[in-house]
Amino acid sequence: MGVVINCDMGEGYGLYSCGDDAGIMPHIQIGNVACGFHAADPVVMSKTVRLAAEHGVAVGAHPSFPDLQGFGRRDMAMGREELSACVLYQIGALKGFLDAAGMKLNHVKPHGALYGAAMRREEVAHAVADAAQVYGVPVVGMAGTLHEKVYRARGLTFISEYYVDLDYDASGALIITREHEARDPAEAARRAVRMLTEGKAVTIDGRDFDMKAETICIHSDTPNAAELARVLKEAVRPWLA
């Protein structure tokens, strides 16, 4: 099974930077670029797309709830039509910069609380699917959850994902935190290799559960993300697609 490494990035804003995108970029295959509603602005989006083009990194849209102050990691109550329009707007903004760089939109990956809500609430998953279908691109998510069921039923290609810098609760559900802590790169890489070879991940209380993934994610705002990406790439090199 081939795997690719992805990273949530382009999450600066104005004069403020977030994460070492330049340091991470050589070690990933796909980038999920913020679209302005949880982070990024037109200049940041443009720079991030150009940086990805320089490194041969495919770019997907990373839309969120309209929550700039909360970095998109707070849940919001929005109807399907409003949320679909919100996601469609963000994808369209990023696609403009991709068009300017001569690049294709590779995928859509909801950010933060939107990602989590799509795993739990059918109307949210459908709202994401409504927007993704306009562009006919795959959607990234977590296998075995409601959003996989919805996306596949809508005829969308689904890319399953594993996180090396987030934890999973006792039920195997992803724990989405407001802030990310540094991770031991060697331990994160070991867990990723185990996921690829044994199909297992571990919960925060130390129990194994089944996990399958076609892509492994790191976050640019994890404090040691560049080093984490480097070590991870070396560890999973035999499985890289």
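The values are calculated or read from the model by the stated rules, or taken from the named source; none is laboratory data. Because the structure is predicted, anything quoted here is derived from the model rather than measured. Every residue, glycine among them, receives a Cβ derived from its backbone with ideal geometry; neighbour counts consider all protein chains shown. Note: areas computed on protein heavy atoms with side chains; ligands, DNA, RNA excluded. Shrake-Rupley method; radii C 1.70, N 1.55, O 1.52, S 1.80 Å.
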Would you mind checking segment 162-189 for residues with the amide N under 19 Å from a putative spin-label position 7 Å along Cα→C-beta of residue 237?
185-189
Per residue, in Å², the accessible surface of the chain once ligands and nucleic acids are set aside, probe 1.4 Å:
42 Å²
Considering the Cα positions of the chain, please state its Rg to one decimal place and its Dmax as a whole number of Å.
16.4, 47
Candidate lysines - alpha carbon under 22 Å from residue 104, same-chain residues fewer than 8 apart omitted:
47, 95
Contour minus Cα-Cα span, residue 170 to residue 85, at 0.36 nm per residue, comes to 27.1 nm
Straight distance only, please: which lysines reach the Cα of residue 200 with their own Cα at less than 30 Å, same-chain residues fewer than 8 apart left out?
109, 149, 212, 233
Rounded to the nearest 0.05, what FRET efficiency do residue 178 and residue 208 give with R0 = 30 Å and r taken as the Cβ-Cβ distance? Could you check?
0.65
Report in % the part of the accessible area of the chain that belongs to carbon and sulfur, leaving out ligands and nucleic acids; probe 1.4 Å.
52 percent
Based on DSSP, what percent of beta bridges with both residues in the chain are antiparallel, to the nearest 5?
15 percent
